[in-house]
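Structure record follows, encoded as structure tokens.
The values are calculated or read from the model by the stated rules, or taken from the named source; none is laboratory data. Keep in mind that what you see is a predicted model, and the values were worked out from it rather than measured. Positions of Cβ are generated from backbone atoms using ideal geometry, with glycine treated the same way; all protein chains shown enter the neighbour counts. Accessible surface is based on the protein model in full, side chains and every heavy atom, while ligands, DNA and RNA are left aside. Shrake-Rupley method; radii C 1.70, N 1.55, O 1.52, S 1.80 Å.
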Amino acid sequence: FHTRKDIIRSVFEAVSFQSKLMLEEFEKNGLLVSSVNVSGGVSQMPFAMQVRADILGLPIQVLTEVETTAVGAFIFTLKARNEISSVRLMKGFVKVKKKYLPNMHNHNCYASIFLFYKQLYANNKNLFTMRKEMFDKIGHYRKKVLENL
């Protein structure tokens, strides 16, 4: 009974739940995050960014620069060549293009789903290990099949 839209939404939700797991780890280690900066292809999809903001309960800031990896490498190259004294000087180099604020009603709804998501992972962790071992054994075959596609 699921539609294509349901499947696509579930992908955005799963990626956002993984981000939420990472945020929980940051918080356990005393690092508090007040917003999340994003770039790349998916950041150009408003629906995906709103889902992420709702799940994380944090503002999502889409950056003007899509190729942030290249920009970061450039900034660190400047620092390594002593052309700048601190990478912090480049703070304004990339600007925020769009900001998505979380809908806290949706965030509260997602909170219970997130608990369920974590329990599913815990209950199935051994299955993931078995799957990896199984595919490691037949990897050569899978590679041939994929090459033929």
Test residue 95 against the criterion of being basic (Lys, Arg), touching a residue at least 24 places away in the same chain (Cβ under 8 Å) and loosely packed, with under 12 Cβ neighbours inside 10 Å, and give yes or no.
-> yes
Among the strands (runs of 3 or more DSSP E) contained in the stretch 35-134, which hold 1 or more residues that are out of contact with any helix residue (DSSP H, G or I) (no Cβ under 9 Å at 6 or more places or on another chain)?
-> 60-63, 96-100
Subset of the stretch 25-54 (residues that are open to solvent by less than 50 Å² (accessible area, probe 1.4 Å) and charged (D, E, K, R)) = 52, 54
Within the stretch 1-24, the residues that are aromatic (Phe, Trp, Tyr) and either surrounded by 12 or more Cβ atoms within 10 Å (Cβ to Cβ) or modelled with pLDDT of 95 or more (or both) are 12, 17
Verdict on residue 138 being loosely packed, with under 13 Cβ neighbours inside 10 Å, modelled with pLDDT of 95 or more and of a type in the set (Val, Ile, Thr) | no
